[in-house]
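In what follows, a structure is listed as structure tokens, so that the remarks can point back to it.
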Amino acid sequence: MADAGGHLVWIDCEMTGLDLTRDKLIEVAVVVTDSELRVLDPGLDLVISADDADLEGMVEVVTEMHAKSGLTDAVRASTLTVAEAEQQLLAYVKRWVPERRTAPLCGNSIGTDRGFLARDMPELDDHLHYRMVDVSSVKELARRWFPRVYFAQPPKGLAHRALADIVESIRELAYYRRTLFVDGPGPSTSQAQRAAGEVVAGFADVLAAADANPPADGAPPAASGS
């Protein structure tokens, strides 16, 4: 097996909706790539059983989407539980990334997926690094800074099935890798250090103002990670 130190774990979820207090996880797909976005295996796609009440409670747009994709019928036919799906997904990820919290979770708008994983598949969530690679963030930056790259991006099939969607996310980042994160020597060490100094200086007043204005009413500062 190739060195897992740079591996990326790509996950896409399909749900009955986006409300963590009521909606259900009904499909999860995972694909693992190396650091150069080479797919290491075709991936694992699991459809999870759900009650009729959960499916009938979906809003109209979601009902139509899952009916059109065939997911609703697949969910009705499935006998796989969330717990069983979690163990299969975790075993698959560990095959490529055996060490806990070394590989980030990747995808599009991945924070939504992570919320459902943390709720329903805590062991899988815990195995992944807390950092995430969100392709949607790169897309939004491209739209603002490199609009030609943004408008030339490969079209998405919008299958709304987990495996197809996550492969398209990998493909999208591969496109940005070639058009935005281009190969080359990059800045020299001195140039990078100079840029860092200029950025620090440029934000010094903003940070000083933030330090001078602590949270009101003695509220503790928000926790942050890096």
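Remarks
- With each label modelled as a point 7 angstrom along the Cα→C-beta vector, the R22-R95 pair spans 3.8 nm.
- Compared with the alpha-carbon gap, the fully stretched path from M132 to R38 is longer by 32.0 nm at 0.36 nm per residue.
- Rounded if a/c under 1.5, otherwise prolate or oblate - the range 168-209, Cα gyration tensor axes: oblate
- Other residues within the sphere of radius under 10 Å centred on the Cβ of D126, judged by their own Cβ, net out at 0 (K and R +1, D and E -1).
- For semi-axes √(5λ) of the Cα gyration tensor in Å, the candidate list reads (i) 35, 23, 19; (ii) 32, 20, 15; (iii) 29, 20, 17; the entry that matches the value derived from this model is (i).
- From phi via Karplus (6.51, -1.76, 1.60), per-residue ³J(HN,Hα) for the range 54-65 in Hz, x at Gly/Pro: 5, 6, 6, x, 5, 5, 4, 5, 6, 4, 5, 4
- Which of P147, G115, V135, positive extreme of dipole for the range 105-147 (C-beta unit charges): P147
- Computed label-point distance, nm, for sites T63 and R148 using a 7 Å Cα→Cβ extension: 4.8
- If only the Cβ of Lys and Arg carry +1 and only the Cβ of Asp and Glu carry -1, the dipole of the chain around its Cα centre is close to 980 debye.
- Here the Karplus relation 6.51 cos²θ - 1.76 cosθ + 1.60, evaluated at θ = phi - 60°, turns the backbone of the range 140-145 into coupling constants of 5, 5, 4, 4, 8, 9 Hz, with x for every Gly and Pro.
- This model, with +1 at the C-beta of Lys and Arg and -1 at the C-beta of Asp and Glu, gives the range 41-86 a dipole about its Cα centre of some 120 debye.
- Net length available on complete extension from R119 to A210 is 29.4 nm, with 0.36 nm assigned per residue and the Cα-Cα distance removed.
- Per-peptide average of other Cβ atoms within 10 Å, ordering 101-107, 170-176, 60-66, 203-209 highest first: 101-107, 170-176, 60-66, 203-209
- Mean separation of Cα contacts under 8 Å (6+ apart) over length of the range 1-124, as relative contact order %: 31
- The range 47-110 and the range 149-189 have their alpha-carbon centroids 24 Å apart.
- Cα lying deepest toward the dipole's positive end in the chain, options T179, A159, T33, charges on Cβ: T179
No lab work stands behind these numbers, since they all come straight from the coordinates. No experiment lies behind these values; they were computed from the predicted model shown. Every residue, glycine among them, receives a Cβ derived from its backbone with ideal geometry; neighbour counts consider all protein chains shown.
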